[in-house]
Amino acid sequence: MTAEAPQAGPLPARDLTSGSIQKAIWALAPAMMLETGILNVSQLLDAYWVGRLGSAALAAVTISMTVRWVLNSMSNGLGIGGMAVVARRTGERNAVAAEHAAAQVILLALMMSIGIGALGWLLARPLLTLLGADAEVLPLGMSYLRVAFTGMFTMILVFVINAMLRGAGEARQAMNVLVLATATTVVLQPVLIVGVGPIPGLGVAGAALAYALGYGVGLLLQLWLLLGGRSRLRLNLRDLRPDFPLMGRVVRIALPSTIQMSLRASSRLAIMWLVGLYGTYTIAAYGVANRLLMIALIPCFGLGNVAGTLVGQNLGAYKPGRAERSAWWVSGYSGAYMVAVAATIVIFAPSLIAIFDPTPEVVAIGTQCARIIAPSLILNSIGVVLSRGFAGAGNTIPPMTINLLTLWILEVPLAYGLAQVAGLGVLGIWLGRAAANMANGLAFAIWFKRGKWKEREV
């Protein structure tokens, strides 16, 4: 790796490796935070329209989206690998290498989408059955997943390409892509799910089709940007010939991230099973409180993407000190934000829970859950940011290890032990989750402070 590498195209136009760190952060933060928030809009409206089809349809889509989420974690890991490589090459001012890497990651995403689609078709029925789909829900879930896995390549490519755009510093373009994809999906949802006027709805299959078509429009915008020279990151079709050594480097970065996300997805399923032991009201309360807490964390994931981009580019520019300072500054912003949000949730939890479900039992249980877990998100939000900082450095082993320890060695056993063995019931589950959140944030801070990630070559 040389200090001055060949350049091609306009990639170096935005410099995030010099000047004020705060200015660099806030050049990226608004668009990246908004991008993560947009993802929830279509999901909320999807639940609304599907809910009009009845409880069986809603249950089918809820279970099916869990299946899709677990399998789709593979592509999220690939996006992290692509972001790390592109950010590093951007920091080196090596536009030729950045373009080549982007093309290879896109080629990997295409191959992965075929594999995930095939795997989804094979595993759909047994996974739906395992997650509790009954005779009424199972055919609806199958209808949803057949369409979802057929058109999944559009969503996979959009997420992966957007990750690389962020790595190149093109946060606004990534946001615009997701805005267009989400807007298209939102417009199509009522038409395809319940029907509009003379147009008949397709039911749950329409929900999956709306996503596939919406993200297909987002993909077209991405190709227009990359192929037309309208982005700092370009795509040259001649680079789509397989470069197996480079693909191998990307996969080595992506694989631990994929495992990390799979660990998180499976731990959530385990906690959901444990919550389910305490009845319908507890399930409903946990669902509401957990959604509220996840919405609160959304800006932190956006800030995490900021940290990943800045770390990657500054390491590429041979400025490891600036990379570390950038990550800590972003972590500070994330923690400060979460202090304010956690205080708000603790104070107003009953009213917030009641917006979603005013049932007294649900409000009482959900309030207890939110008030115990919300303060733990202060440390957890720092862990979210530093996790992406590790990813930006191409060092994805620490996030995988920390999540294994805090989710499966600490959270799940502790929640079960406190709830079932110690006899604390649902209170034990909330305490277990809170303890794991705090341990997660502390572990990331300690490991990141060691600084070994600065030595990682990508």
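Each pair of Cα atoms in the chain enters the Kirkwood radius, and Stokes-Einstein at 10 °C and 1.306 mPa s then converts it into a translational diffusion coefficient of 70 µm²/s. With a simple spin-label model that places each label point 7 Å from the Cα along the Cα-to-Cβ direction, the separation between Arg52 and Val346 comes to 4.1 nm. In terms of surrounding Cβ atoms within a 10 Å radius of their Cβ, Arg230, Arg249 rank from fewest to most as Arg230, Arg249.
For segment 136-152, the residues whose amide N sits under 20 Å from a probe point set 7 Å from the Cα of Ala118 along the beta carbon direction are 145-152.
The angle separating the long axis of helix 137-150 from the principal Cα axis of greatest extent in the chain is about 10 degrees.
For segment 323-458, the alpha carbon positions stretch 55, 33, 19 Å along the principal axes, listed from largest to smallest. For Gly195, the residues whose modelled amide H falls within less than 5 Å of its own, excluding neighbours fewer than 5 places apart on the same chain, are Gly201, Leu202. With contacts taken as Cα pairs under 8 Å at a separation of at least 6 residues, segment 60-183 carries a relative contact order of 42 percent. Of the residues Ala349, Ile378, Tyr286, the one whose Cα sits farthest toward the positive end of the charge dipole of segment 253-458, with +1 on the Cβ of Lys and Arg and -1 on the Cβ of Asp and Glu, is Ile378. For the chain, a simple Cβ point-charge model (Lys and Arg +1, Asp and Glu -1, everything else neutral) yields a dipole of about 1020 debye relative to the Cα centre. When each of the peptides 361-372, 185-196, 90-101 is scored by how many other beta carbons lie within 10 Å of its residues on average, the order from highest to lowest is 90-101, 361-372, 185-196.
Computed extension length for Leu220-Glu361: 46.0 nm, one decimal, from 0.36 nm per residue of separation with the Cα-Cα distance subtracted. The angle between the Cα long axis of helix 204-227 and the longest principal axis of the Cα atoms of the chain comes to about 10 degrees, rounded to the nearest 10. Here the dipole of segment 17-130 is about 60 debye; that uses its Cα centre as origin and unit charges on the Cβ of Lys and Arg (positive) and Asp and Glu (negative).
By the equivalent-ellipsoid construction on the alpha carbon gyration tensor, segment 20-242 comes out with semi-axes of 34, 19, 15 Å, ordered largest to smallest. Please work out the C-alpha center-to-center distance from segment 65-144 to segment 224-249 and express it in whole Å. Taking the Cα centre of segment 224-249 as reference, the centre of segment 65-144 is 19 Å away.
Think of each Lys and Arg Cβ as +1 and each Asp and Glu Cβ as -1; about the Cα centre, that makes the dipole of segment 20-242 roughly 660 debye. Placing R0 at 35 angstrom, the Cβ-Cβ distance between Lys452 and Leu240 gives a FRET efficiency of 0.50 after rounding to 0.05. Counting only alpha carbon atoms, the long axis of helix 280-316 and the longest principal axis of the chain meet at about 0°.
For Trp121, what is the net charge nearby, where nearby means another residue's Cβ is under 14 Å from its Cβ and Lys, Arg count +1, Asp, Glu -1? Result for the local shell: +3. Remark: relative contact order (the chain) = 21 percent; criterion is Cα-Cα distance under 8 angstrom and separation of 6 or more residues.
A helix-only calculation puts the chain at -27500 deg cm²/dmol for mean residue ellipticity at 222 nm, using -39500 (n - 2.57) for each DSSP H run of at least four residues, averaged over all residues.
Since every read-out is calculated from the coordinates, none of them should be taken as a lab result. Because the structure is a prediction, the values reported are computed rather than measured. Note that we place each Cβ from the backbone using ideal geometry, even for glycine, and neighbour counts take in every protein chain shown.
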